[in-house]
Every structure is written in structure tokens, then in C-alpha cells.
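Okay, structure first, notes after.
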Amino acid sequence: MKVSFLHSPSPALAVMAVLLVLFSAHPALAKYAAIIVDADTGAVLHEVNADTRNYPASLTKMMTLYMTFEALGDGRFTLDQKLRASKRASNQAPSKLGLKKGQSITVRDAILALVTKSANDVATIIAESLGEDEANFARMMTRKAKEIGMSSTTFRNASGLPNRRQLSTARDLSVLARGLLTDHPEYYHFFSVQSFSHNGKTYKNHNKMLKTYSGADGIKTGYIRASGFNLAASAARYDRRLVGVVMGGLSAKSRNIHMAKLLDKGFRVIRSGVAMKDMGESQKQALLESKKKTQRATAAKAVKKAKAAWGIQVGAFSRYASAHLVASSAARHLPPSLLANAKVVVLPQKEENGMIYRARLIGLDKARARHVCEELKKDNFRCMAIPPKGKVSAALSAADKQMVRK
């Protein structure tokens with residue numbers, strides 16, 4: 001089994017590695033694999049069995065969603081378009097919404113059903129809508145996988161339900177997760193939705209990392225008996241983003257705990273950096289002071305601009321990176337005609353419980369700000385129009401604080 005980390009492992013990590021060897025060698029269990037990747041550069045910070053082919057289970061739905069976002073981008077789908085369930089779709093095994101033959105679901109709700117409930121019937125509905133039948137859609141998925149660099153992946157269905165020829169690797173699935181971030185950033189916010197309601201029922205997101213890990217904002221869980229408990233996760237801290245994949249977990253809880261430890265280790269590596277390690281103490285201090293100075297200047301400039309015009313706010317976060325990602329996603333989601341000269345800014349403000357980073361687009365007039373918000377709300381962005389400083393009501397200030405997320 002291949003195990004690597006950029007820095008020498010701690011004794012605790014060495015013990016963990018031994019346990020993982022025993023775990024992965026057990027013939028009755030799925031094969032363990034893991035990878036942690038810098039989302040911006042693609043640098044691998046940690047890997048274990050990253051090229052071992054395993055059953056992806058519902059991590060398959062990340063590719064179904066990738067294909068859905070691509071269809072939205074080229075006009076084959078719209079978010080309000082209704083898709084109809086076939087008899088085959090209605091007969092899919094759980095987890096599912098339980099749609100009957102002839103019932104319909106909008107593309108927007110289909111996306112949310114895949115992200116939260118991991119609905120197998122909805123995966124088939126999307127497959128049949130884009131590929132005429134699921135087998136053909138699976139071939140389309142496999143071709144797309146090769147195009148984006150998933151060299152060891154083969155799909156046979158859109159859901160991840162058991163099929164012995166549906167195989168992927170931790171490395172390939174990390175490529176897919178990064179692809180969703182970089183190729184379709186305007187839709188990435190769907191992965192952070194924690195619950196979804198349809199036909200009077202509310203479904204909670206299976207991805208508990210959204211609540212338990214600071215900075216986590218996606219992506220997908222998966223499980224079948226042959227695969228064990230799989231997870232692809234993404235988290236942003238310190239203005240950096242990591243993507244992780246763990247396959248073959250013994251339980252959802254232990255898998256999540258393990259992912260958290262790997263991400264923590266990855267963030268420690270990425271913060272220290274190889275270049276920092278080789279610097280002298282005076283060089284390190286100069287570099288850190290330079291970064292702080294740049295950040296202070298950027299923040300001051302953003303605040304000054306924000307005072308002069310109307311804008312919109314799409315979230316308030318405890319992390320700068322999360323705020324910037326959502327603001328940028330909102331900007332990409334809107335047509336240029338609506339944005340005009342609007343700029344993405346992140347406004348830091350010190351509160352009693354620590355820093356809050358407000359994700360905003362500024363430089364709009366009053367009417368445009370309100371119109372932009374209405375458009376974004378249709379696509380599940382949380383949004384409110386922000387007047388120039390001096391006109392913020394107490395009610396708006398209270399609403400602002402309710403938007404805080406990690």
C-alpha cells in the first residue's frame with residue numbers, strides 16, 4: 001500500500017497508517033483509499049492507494065451533476081425546466097424521492113435531490129433526459145471523465161448503484177471534484193445546501209461535514225456494501241482550498257473523523273509550505289508582514305468602495321476564502337448586462353465572537369441591486385440589497401448577522 005505525506009509523519013499518523021493497512025487488507029471490507037489535493041494547484045498533499053480502482057457508489061452523482069451543469073451552460077437545460085419520471089426511474093432502489101411514473105421535477109430540485117438525498121430515481125431521470133437512456137448517458141459520462149483527466153474511471157449508471165464494472169479511483173474523483181469547482185463555479189453553491197423540500201417533505205444533506213468541519217462547503221457522500229463509506233469533501237481556510245477523497249470507510253462517522261484529520265494535516269502542510277521551511281527567520285517575518293500589509297490594504301480599499309454605492313450581499317462567513325468563493329460564484333452566475341461595473345469584495349468586520357467576512361458585489365444602483373438579488377434568489381443564493389453606508393437599517397443589520405456561515 002502506498003502512503004505519502006509531504007512532511008514526515010507524526011507518531012500518531014504512523015499508528016493510523018498501520019491501522020489502515022490492516023483495514024485495507026481485510027478481505028471482507030472495501031478497499032481503503034484517500035487523497036488530499038490543493039484545489040488551486042492540483043498538488044497532492046497526501047495519498048494512500050490513490051490509484052486503486054474502487055466502487056464509487058454515490059460519488060458517481062458528482063459526474064451526473066457535472067453533466068447537468070454542462071447542460072445548463074449550453075442551454076439544453078434550464079433550472080425551471082421540468083423533467084418527467086419514467087417507469088424505470090420510479091423503480092430505482094433507495095435512496096430516492098419516490099417519484100411515480102409521469103410525475104415531474106424541476107432541474108433545480110433535481111440538483112438539490114442529488115446533493116442532499118442522493119436520490120437514485122432522480123439520477124435516472126436526468127440520465128434519460130440528457131442521454132435518452134441511462135446506458136447511453138453512462139457512456140457519455142465515461143467519455144467526459146476521460147476528457148477531464150479521469151483516466152481510470154468507467155461509469156455504467158448515473159446513480160452509483162451496484163455494478164461490478166462501475167469503477168473509479170480516489171485520484172480520479174479528486175479530479176472530478178476540482179472540475180466541479182473550476183468548470184462550473186456558478187453552481188457549486190448547491191453543494192452547501194443543508195436541506196431540501198419537495199412535495200411537502202424535507203430531506204437533510206447526508207454530508208455532515210458541512211456542520212462539523214470548519215470551512216467545509218461540499219461535496220458528496222456515497223455508500224454501497226461493496227464500497228464502504230465514501231466521501232468527497234472540499235474546505236476553504238486561510239485563503240486556500242483543499243479537496244479530499246476517502247473511500248472504503250467503516251462507517252459514516254469514522255470516515256468523517258478521518259477526513260477531518262487528513263484535511264487538518266493538509267492545511268498545516270499548505271500553511272507552512274516548502275518554501276517557508278527553507279527560509280531564514282528574518283525572511284519568514286518579512287514575508288508574513290508583507291502578506292498582512294497587502295491584506296490590510298485590500299480590505300481598506302474594499303470598504304471605501306462599498307461606502308459609495310449600492311450593492312448586494314450573498315452571505316456572511318467566518319472564513320475569508322468561503323466568502324470570496326460564494327461572491328465570485330454569484331458574479332459568474334449573472335449575465336454581464338446585470339453586473340455592469342459591479343465588483344466582488346469581501347468586507348471584514350470584527351464582532352464579539354470573532355471576524356465576520358461579508359461576501360458582496362458592489363457598484364450597483366438601487367434598482368439594479370434589487371433586481372440582481374431577485375435573480376440570485378431564484379437559484380437558491382441567499383441575497384439582500386445593501387444601501388450605501390449611513391442608510392443601513394437596524395432590521396437589515398440583524399438580517400445580515402443571521403447570514404453568518406462557516
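Tabulated values for the structure
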quantity: Test result for M67, at pLDDT 95 or above and closer than 27 Å to D264 by Cα; calculated: no
quantity: Residues located in the stretch 312-336, provided they are aliphatic (A, V, I, L, M) and outside any helix (DSSP H, G or I); calculated: I312, V314, A316, L334
quantity: Total residues in the stretch 217-226, condition modelled with pLDDT of 95 or more, open to solvent by less than 10 Å² (accessible area, probe 1.4 Å) and out of contact with any Pro (no Cβ under 7 Å at 6 or more places or on another chain); calculated: 2
quantity: Checking M62 against (1) farther than 22 Å from S234 by Cβ; (2) part of a helix (DSSP H, G or I), the condition it does not meet; calculated: (1)
quantity: Residue in the stretch 164-182 that is aliphatic (A, V, I, L, M) and without any contact (Cβ under 8 Å) to a residue 60 or more places away in the chain present; calculated: yes
quantity: Residue list for the stretch 376-400, filter: of a type in the set (D, E, K, R), at pLDDT 50 or above and either open to solvent by 60 Å² or more (accessible area, probe 1.4 Å) or more than 23 Å from V115 (Cβ to Cβ) (or both); calculated: K377, K378, R382, K389
quantity: Strands (runs of 3 or more DSSP E) wholly inside the stretch 183-275 containing at least 2 residues that are under 22 Å from Y357 (Cβ atoms), touching a helix residue (DSSP H, G or I) at 6+ places or on another chain (Cβ under 7 Å) and of a type in the set (A, V, I, L, M, F, W, C); calculated: 216-224, 228-237, 240-249
quantity: N163 being open to solvent by 40 Å² or more (accessible area, probe 1.4 Å), of a type in the set (S, T, N, Q), more than 29 Å from F381 (Cβ to Cβ) and in a loop (DSSP other than H, G, I, E, B); calculated: yes
quantity: Selected residue (criterion: surrounded by the fewest Cβ atoms within 10 Å (Cβ to Cβ)) from residues of the stretch 327-358 that are touching a Ser or Thr at 6+ places or on another chain (Cβ under 8 Å) and either in contact (Cβ under 8 Å) with a residue 40 or more places away in the chain or farther than 17 Å from P185 by Cα (or both); calculated: G354
quantity: Residue within the stretch 339-357 that is on the phi < 0 side of the Ramachandran plot, among the hydrophobic types (A, V, I, L, M, F, W, C), at pLDDT 60 or above and under 19 Å from the mean Cα position of the chain (by Cα) present; calculated: no
quantity: Any hit, the stretch 5-21, residues being polar (S, T, N, Q), touching an Asp or Glu at 6+ places or on another chain (Cβ under 7 Å), at pLDDT below 95 and open to solvent by 30 Å² or more (accessible area, probe 1.4 Å); calculated: no
quantity: Residues located in the stretch 232-247, provided they are within 20 Å of T169 (Cα to Cα) and either at pLDDT below 95 or surrounded by fewer than 22 Cβ atoms within 10 Å (Cβ to Cβ) (or both); calculated: none
quantity: Filter result (surrounded by fewer than 20 Cβ atoms within 10 Å (Cβ to Cβ), out of contact with any Ser or Thr (no Cβ under 6 Å at 6 or more places or on another chain) and among the basic types (K, R)) within the stretch 174-213; calculated: K201, K208, K211
quantity: Qualifying position, being closer than 20 Å to H46 by Cα, among the aromatic types (F, W, Y) and over 11 Å from the mean Cα position of the chain (by Cα), among Y223, Y213; calculated: Y213
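The values are calculated or read from the model by the stated rules, or taken from the named source; none is laboratory data. A quick note: this is a predicted structure, and the numbers were derived from the prediction, not measured. We place every Cβ from the backbone using ideal geometry, glycine too, and count neighbours over all the protein chains shown. SASA here: full protein model, heavy atoms, side chains in, ligands and nucleic acids out. Shrake-Rupley method; radii C 1.70, N 1.55, O 1.52, S 1.80 Å.
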